[in-house]
Amino acid sequence: MAIGETWTRHRKLLNPAFSLPVIHGFLDVFNSQAKKLINEVEPFVGKGLFDHIPYFLNNNFETLCAGTFGNDAISEKQHEQYLQSAYKLIHLFKEKLFKVWLQIDFIYKLTGYKKKEDQLVKNLHSLTKAVLEQKRITKENEVETNTSDLKYKAFLDLLIDLSADGVFAEKEIREQTEIILTTGFETTSTQLTFTMLLLGAHADVQEKLYQELLDVLGPEKDVGKYDLNKLVYTNAVLMESLRVFPTVPVVLRCVDQDVKLKNYTMNAGSYCVIFPLIPNVSAKDKKGDQFRPERWLDDDSCNSQDFAGFGLGKRGCIGKTYAMIDIKVKLAHFIRWYRVRADMSQLQLSADFVLKPVSGHEISIERRHSTAA
């Protein structure tokens, strides 16, 4: 991860790629992928509980690649290789974090972990290189058009143009691409997983959400950019899902100046840990431990400006808007098509880089329509 001036420079250069006009340009991809997800889980209709995580995970990775890098940027084989390598690499990092002796270079190499890490990183670099080469070829073959009024560019297009202008080095291009690939799909799919669980366990909330979706979109209409702000209750459901089950359970920050608290002063240069799992609700709210989307419609209950679900301050998640719109579109299609049921009484969670369910998370679905999407 970049630090200091390097991070600031990168963030300023990349912000336009995650602007609202660019993300609105992904809506066709989001809608198409939402319909694909509906068809992929269709065999489970009326068959009882099933594990929906693999389907959500693969669908969100495809969405990220199609929307950010281009529909033909990555093959199915590369897709599978990347997912396997990414998860194995995350496992290695977890091992190194909790087994402190592995942080000694000699031991890390002697145990074979370093060799495994190098191979996994090589796999990731190989995919990144393939994506970049394919995108560059595509751009070179494009017919020249007048784009003088085009202020915003998609992520990979912006990176390649910055590279051509000498602003980004090749190594920086690769690093930024890999950051988006590794952080952009599991977080989104996991949050959608949690949202489905919560809706499945709270039939009244699901029904209220369904009614809003019908009122705004009708039974089958795709989600358009002018529909997004009309889905007020849908947004409240997503914010409440993030409050109850924040995708990132722990946020680390460096204190850059002395901060005086009630009984303690955090000194500049020290580190602090933020736990978004602590409910972000007013002390007046006596139901802070409950899933209640209505709290986001009450200004006295929740303050979205201080909400830590996507981090806070200048280090907040650059892809927040992308993630929220992607989830909102998929939720809109899924809930209009399927009625979801879930029992969260046996739910067990695990936390590494993201908070995720490991058991008791299955859902069942019933079709609201007579045929699949």
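Numbers at a glance
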item: Checklist (1) modelled with pLDDT under 75; (2) surrounded by fewer than 17 Cβ atoms within 10 Å (Cβ to Cβ); (3) under 30 Å from residue 357 (Cα atoms); (4) not hydrophobic (A, V, I, L, M, F, W, C) applied to residue 165, failing item; result: (3)
item: Some residue of the stretch 35-54 being at pLDDT below 95 and among the aromatic types (Phe, Trp, Tyr); result: no
item: Residues satisfying the stated conditions in the stretch 230-275, i.e. under 30 Å from residue 298 (Cα atoms) and either β-branched (Val, Ile, Thr) or touching a Gly at 6+ places or on another chain (Cβ under 6 Å) (or both); result: 232, 234, 237, 242, 244, 246, 247, 248, 250, 251, 273, 274
item: Selected residue [within 30 Å of residue 63 (Cβ to Cβ) and at pLDDT 75 or above] from 312, 242, 277; result: 242
item: The one condition in (1) under 15 Å from the mean Cα position of the chain (by Cα); (2) at pLDDT below 80 that residue 72 fails to fulfil; result: (1)
item: Per-region count, the stretch 181-213, residues hydrophobic (A, V, I, L, M, F, W, C) and over 28 Å from residue 236 (Cβ atoms); result: 1
item: Whichever residue in the stretch 119-146 is loosely packed, with under 10 Cβ neighbours inside 10 Å and either in contact with a Gly (Cβ under 6 Å, 6 or more places away or on another chain) or over 21 Å from residue 173 (Cβ atoms) (or both) and, among such residues, is modelled with the lowest pLDDT; result: 146
item: Filter result for residue 189 (crowded, with 21+ Cβ neighbours inside 10 Å and assigned to a helix (DSSP H, G or I)); result: yes
item: Hits in the stretch 86-118 - residues which are hydroxyl-bearing (Ser, Thr, Tyr), over 25 Å from the mean Cα position of the chain (by Cα) and either surrounded by 16 or more Cβ atoms within 10 Å (Cβ to Cβ) or part of a helix (DSSP H, G or I) (or both); result: 108, 113
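The values are calculated or read from the model by the stated rules, or taken from the named source; none is laboratory data. Please read these numbers as outputs of a predicted model, since none were measured by experiment. A quick note on method: Cβ atoms are made from the backbone with ideal geometry, for glycine too, and the neighbour counts reach across all protein chains shown.
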